[in-house]
Structures are given as structure tokens and as C-alpha cells.
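Written below as C-alpha cells is the structure these notes are about.
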Amino acid sequence: MSGKLQGNIVVTGSNRGIGLELVRQLAQQVKEEETHLYACCREPEGSQAQALRELAAQHPGKISIIRLDISDEESISAAVQAVSEHIGDEGLNLLINNAAINKPASPAPLSATEKKHMMDVYETNVVGPFLLAKMFLPLLQRAAERDSPENNKGDTMSCRRSAIINISTLISSIEKCPESFSVAQMYPYRTSKAALNMLTRCQAEDFRAHNILVTAVHPGWVQTEMGGDQAPLTTQDSVRGMLSVMVSFSNKDCGRLLDWQGGAIPW
Ligand code: NDP
């Protein structure tokens, strides 16, 4: 299907990088009466969230900034509660699990990697999205069950109806590992994103019965703090691509790993 994303949309890690651009482009695309964006970040009042606060001020009524640290279960619970109170009966249409970390700093060779890096990265990149999906499930189900002809009802899944998008990466691919390993070992990051792919696959099977789509998306190599200056893609181009691909997702895309242009990446 074509058109724009709409409904109640949660984006994690939205104070900078790809997450901030997701909120910016979504805010530009959507109509206030059709959509509300829940832009999550660790410190809504801090200097790191200045750009997000300015963006929210440019779009009055469209963006709520929600405090969320995805490595902290209590923070996740409080954020879900805050979104739930705001949403009421409508349900949550789209959860974009974007926030993630990469430790130690790239290229992260084995010699520089400690147990703590492995644990911290797994906690943020896998356990965070796992808990968010688990706690948001009732709201996602509510959205999937609501009857609106625009939202592709029946047994059709879509990002307009009810979906979880997990932002993964090309370097999570086990099959493609030999092509990139020598440039960036990144044991914690690669293994965490491979686990996120399995989480995506499991939840796709689990939530299919509720008509909730779950798909992993690689944003490309993007100029952000994580991607670095050498990256070929701007956040604008990456996000434009991802949003147009996401709006086209249907049943056939559930449980897959796709890139920002819609191309399939092997597990
Ligand atoms: P950035 O490092 O630029 O931004 C990461 C975001 O995640 C920040 O908003 C950061 O918030 C947030 N974050 C980190 N830890 C937590 C936490 N515990 N709780 C809440 N928020 C947190 O990364 P990108 O924008 O580049 O990456 C976005 C997504 O894209 C990630 O999932 C990444 O793995 C993926 N990706 C990126 C690529 C690239 O080339 N850039 C390539 C492939 C995948 P804070 O400011 O508080 O730290």
C-alpha cells in the first residue's frame, strides 16, 4: 500500500541521529488530527535533547517528549504508562525500536572488548526492545483490533495498523560477516543485533495471530555519532528511504530483515 504513516507512533532514542530525523520527517508528513508522535529520550530536559525540544515546539500538538532509558526496566514501565495514559482507547500503531549503543568505540577489536561491554550492549540493544514490545503489546493489540477502513483491516498487517520496527544493521548478518569483519570486529554490537534479529523473528511468529507486524530494518551506513563522518548516507536520505519502505510493509514482510531501500538481507 502507499500513503503516509499515521496513528500513535513511538520512537526511541529520538534526541539525535536517526531517531531525531525519524521524528522530524514524521512530524512533517503527518496531520495533527491523525497522528501523535511519542519521542523518547533519556533526558528530556537535558542539553542533549535541545534539538528535539525545538522540533516539538515547531509542531505544537504533534509531539510528546517521553523520558525513557531502555536499559532501565522501571524507566520502560513508566514510559509505557505515560504513553498509555495519553493514548487512551486508541492503541499504539507503531513502535520504532531505534535506540542502541555500540561499545567499545569502533572498530572495537577483541583486545579492547570486556565482559561489561558485552553485557551493557546486550541489555540496551536486545533486552530494551524486548521489554518495550512486551509492555506495549496490549496497546499494539488494541490498535490492531480497531476497525478503520484506512488501516488495511481483515488479516492484513501494516505499519499503519499495528507494528514493531526494530532498527538492526547489515553487520548483524551471519552470512555476510566475512565481508565486513576485518574492518569492524564489534563483537558486542554484532552479536546484540543478531540477537535482535532473532527477537524480531520470534515476535513476528508470536504476534502474527494479533495482526501485529514485526520487522527488522537496516538504515544503511549513516552519518551520525555512531556511523561516523565517513558514512555515505545522510540521516535525511536514510530516513526518507526507511519511511517509504515501512509504509509499504504487509504480511509478506513480517519477520524479515530488510534494508532502507527494501532489499532483503540474509540472516
Ligand atoms: P546514535 O549513536 O547517533 O544515537 C543513538 C540514540 O540512542 C541516541 O538518541 C541515544 O541517546 C539513544 N540511546 C542509547 N542508549 C540509550 C538508552 N539506554 N536509553 C534510551 N536511549 C538510548 O546512533 P544512530 O542514530 O546512528 O543509530 C540509530 C539506530 O540505527 C541504532 O539502532 C543503530 O544500531 C542503527 N544503525 C546505525 C547505523 C549507522 O551507520 N549510523 C548503521 C546500522 C544501524 P543519548 O543521547 O541519551 O545517548
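Can you report the number of residues in segment 14-48 which are in a loop (DSSP other than H, G, I, E, B) and farther than 17 Å from Val239 by Cα?
Within segment 14-48, the first condition is being in a loop (DSSP other than H, G, I, E, B), and the residues that meet it are 14-16, 30-34, 42-46.
Cutting the leftovers down to farther than 17 Å from Val239 by Cα gives us 31-34, 42-46.
Summing the residues that are in a loop (DSSP other than H, G, I, E, B) and farther than 17 Å from Val239 by Cα in segment 14-48 gives 9.
What are the pairs, 6+ residues apart or on separate chains, where a residue within segment 30-54 that is touching a residue at least 40 places away in the same chain (Cβ under 8 Å) and within 23 Å of Gly91 (Cα to Cα) has its Cβ under 9 Å from a residue that is more than 10 Å from the ligand (Cβ to nearest atom) and acidic (Asp, Glu)?
His36/Glu90
Can you name the residue in segment 209-226 that is of a type outside the set (Val, Ile, Thr) and within 13 Å of the ligand (Cβ to nearest atom) and, of all such residues, is nearest to Leu22 (Cα to Cα)?
Checked segment 209-226; the qualifying residue nearest to Leu22 (Cα to Cα) is Pro219.
Could you count how many residues in segment 21-51 are within 14 Å of the ligand (Cβ to nearest atom) and crowded, with 23+ Cβ neighbours inside 10 Å?
7
Give the residues of segment 54-74 that are outside any helix (DSSP H, G or I) and more than 13 Å from the ligand (Cβ to nearest atom), sorted by residue number.
Filtering segment 54-74 for residues outside any helix (DSSP H, G or I) gives 59-72.
Correct list: His59, Pro60, Gly61, Lys62, Ile63, Ser64.
Which of the helices (runs of 4 or more DSSP H) contained wholly in segment 101-190 include at least 1 residues that are of a type outside the set (A, V, I, L, M, F, W, C) and within 11 Å of the ligand (Cβ to nearest atom)?
Answer list for segment 101-190: 115-122, 128-145.
Sort through Ala51, Ala82 and tell me the only one that's in a helix (DSSP H, G or I), over 12 Å from Val11 (Cα atoms) and out of contact with any strand residue (DSSP E or B) (no Cβ under 7 Å at 6 or more places or on another chain).
Result: Ala51 is the single residue among Ala51, Ala82 that is in a helix (DSSP H, G or I), over 12 Å from Val11 (Cα atoms) and out of contact with any strand residue (DSSP E or B) (no Cβ under 7 Å at 6 or more places or on another chain).
Give me the residue from segment 227-238 that is near the ligand (Cβ under 10 Å from one of its atoms) and closer than 28 Å to Gln6 by Cα and, out of that set, surrounded by the most Cβ atoms within 10 Å (Cβ to Cβ).
Among them, the one singled out is Ser238.
May I ask you to list pairs of residues, at least six apart or on different chains, whose Cβ atoms are under 7 Å apart, with the first in segment 218-246 being among the aromatic types (Phe, Trp, Tyr) and the second being at pLDDT 95 or above and not in a loop (DSSP other than H, G, I, E, B)?
Partner pairs satisfying both residue conditions: Trp221/Leu233.
What single numbered condition from (1) more than 15 Å from the ligand (Cβ to nearest atom); (2) assigned to a helix (DSSP H, G or I); (3) in contact with a Phe, Trp or Tyr (Cβ under 8 Å, 6 or more places away or on another chain) fails to hold for Asp206?
For Asp206, the failing item is (3).
The values are calculated or read from the model by the stated rules, or taken from the named source; none is laboratory data. Since the structure is predicted, the reported quantities are computational estimates derived from the model, not experimental observations. Note that each Cβ is placed from the backbone with ideal geometry, even for glycine, and that neighbours are counted across all protein chains shown.
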